[in-house]
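Below: the structure, in C-alpha cells.
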Amino acid sequence: MKKDLDSYIERIKTLPTAPGVLLSLITLFQQPDREIDDVAELMREDPSLTAGVLRHANSASSLPDQPIVDVFDAITWVGFSHVYQAILAKFASQSLRLPKGVCGINVDELWHHSAIAAVHAAAIARRVEENETVAFTAGLLHDVGKIILSMAEGQAYNLMITKAGVDGSSLQAAEKRHFGFDHAEIGAHLLRRWGLPAEISEPVLHHHDIDWDQPSALTCALVCLGNIMAHDFEAEFPVKRYEPTRALSAMRLLQLEEGDVVSLLKVAQKDLKHMSGLLDDRA
Ligand SMILES: [Fe+2]
Ligand SMILES: [Fe+2]
C-alpha cells in the first residue's frame with residue numbers, strides 16, 4: 001500500500017512541498033518550553049495577524065484594564081493556544097491550495113469545513129482533558145487528502161464527491177474502489193512524508209474509521225467526532241445522521257453522552273466566534 005501511495009503522490013506534478021511556516025508552527029507547539037517570542041516571530045510573516053490579535057485583545061469581549069499595545073502582552077491576554085489555532089488555520093488555508101488552472105473541489109469550502117472540525121475537536125479535547133493543540137492540528141488537516149486527489153483527478157473527483165452525497169463512508173468506499181485507497185490514507189501519507197509526527201497523521205488516517213486498539217485512538221475519536229459535528233454545524237442535521245455508527249463509537253470511546261455533544265456544539269460555536277475575531281483582518 002505504501003508503495004502505491006508513494007507512486008501516486010510522485011505522479012502529481014503540482015504537489016505542494018511542505019509549507020515551512022506550517023511545519024515550524026506545529027513543531028514549535030510540540031515543545032514544552034516554547035516561547036511567546038517564537039510565536040510572535042512567526043506572526044511577522046503576516047502583519048494582519050498581529051493586528052487581529054491586538055484588536056481582539058482590546059475588544060469589548062476581552063476588556064483589559066489598560067489598552068494592550070504590545071504583541072507579546074496581546075498573545076498572553078488572548079491565550080497561547082487560541083493564537084496558535086488562528087495562525088495555523090490561516091497559514092494552512094493560504095499555503096495548501098489547488099494550483100491555477102486545476103479544477104477540483106472548492107478549496108475555500110474545504111478549509112472552512114476543516115477549521116470548524118478542528119475547533120470542535122479542540123473543544124471536545126478540552127472537555128475530556130486530552131491535548132487540545134494536537135486535536136486542533138489533526139482536525140484542521142483531516143481532509144487534506146481531498147486536495148491531493150483534486151490535484152491529481154480534477155473534475156472527475158468532484159463528480160465522485162457529488163455522487164457520494166453527504167455520507168462520508170460512501171465517498172470513502174468510492175475512493176477505495178477507484179484508486180485502491182481513500183482521501184484519509186493519501187492525506188496521512190503526505191503528512192508523514194512532510195515529517196509530521198504520528199500523533200497528527202494517525203488521526204487523519206482514521207478520521208472515518210477509528211481503530212480502538214492503536215495508541216492514538218482517543219485523538220482519532222476526537223477528530224472523527226469533530227468532523228461529524230462540523231457536518232452537523234454546517235448542514236444543521238443531527239450528529240447521528242452523518243455516519244451514525246462512527247459518531248456513537250467515538251462518543252463511547254470518549255465517554256460522552258448525547259447531552260455532552262449538544263453542550264459541546266455551543267462551546268465550539270463560541271470558540272469559532274473567538275477565532276474569527278482573531279482572523280478579522282480589517283485594517
Ligand atoms: Fe474525510
Ligand atoms: Fe471532513
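What to note about this one:
- Ascending count of other beta-carbon atoms within 10 Å, so fewest first, for Met251, Met43, Met160: Met160, Met251, Met43
- Under 14 Å, Cβ to Cβ, from Trp111 - net charge with Lys/Arg +1 and Asp/Glu -1: -1
- Once the Cα atoms are used to define both axes, helix 80-95 deviates from the longest principal axis of the chain by about 50 degrees.
- Overall shape of region 6-163 was characterised from the C-alpha gyration tensor. The equivalent ellipsoid obtained from it has semi-axes of 33, 16, 15 Å, in decreasing order.
- Taking the number of Cβ atoms within 10 Å of each Cβ as an exposure proxy, the fewest-first ranking of Leu278, Leu63, Leu141 is Leu63, Leu278, Leu141.
- Taking Arg246, Arg126, Arg11 as the candidate residues, the one with maximal mean-square fluctuation in a Gaussian network model of the chain, Cα springs under 10 Å, is Arg11.
- Chymotrypsin sites (Phe, Trp or Tyr not before Pro) restricted to region 127-202 and DSSP loop, no more than 13 other C-beta within 10 Å: none
- Per-q log10 I(q)/I(0), the chain, q = 0.09, 0.10, 0.14 Å⁻¹ (Debye; single scatterer per alpha-carbon; no solvent): -0.42, -0.51, -1.01
- For region 1-95, GluC sites (Glu not before Pro) are listed when DSSP marks them as loop and at most 14 other Cβ atoms sit within 10 Å of their Cβ; the list is Glu35.
- Rounded to 10°, Cα long-axis angle of helix 168-179 versus longest principal axis of the chain: 50
- Taking a straight Cα-Cα cut-off under 20 Å and skipping sequence neighbours fewer than 8 places away in the same chain, the aspartates and glutamates within cross-link reach of Lys270 are Glu129, Glu130, Glu132, Asp232, Glu234, Glu236, Glu258, Asp260, Asp280, Asp281.
- Residues Val144, Val262, arranged from fewest to most other Cβ atoms within 10 angstrom of their Cβ, appear as Val262, Val144.
FYI, it's all coordinate maths here, none of it is from the lab. All values reported here derive from a predicted model rather than from experimental measurement. All Cβ positions, even for glycine, are placed from backbone atoms using ideal geometry, and neighbour counts span all protein chains on display.
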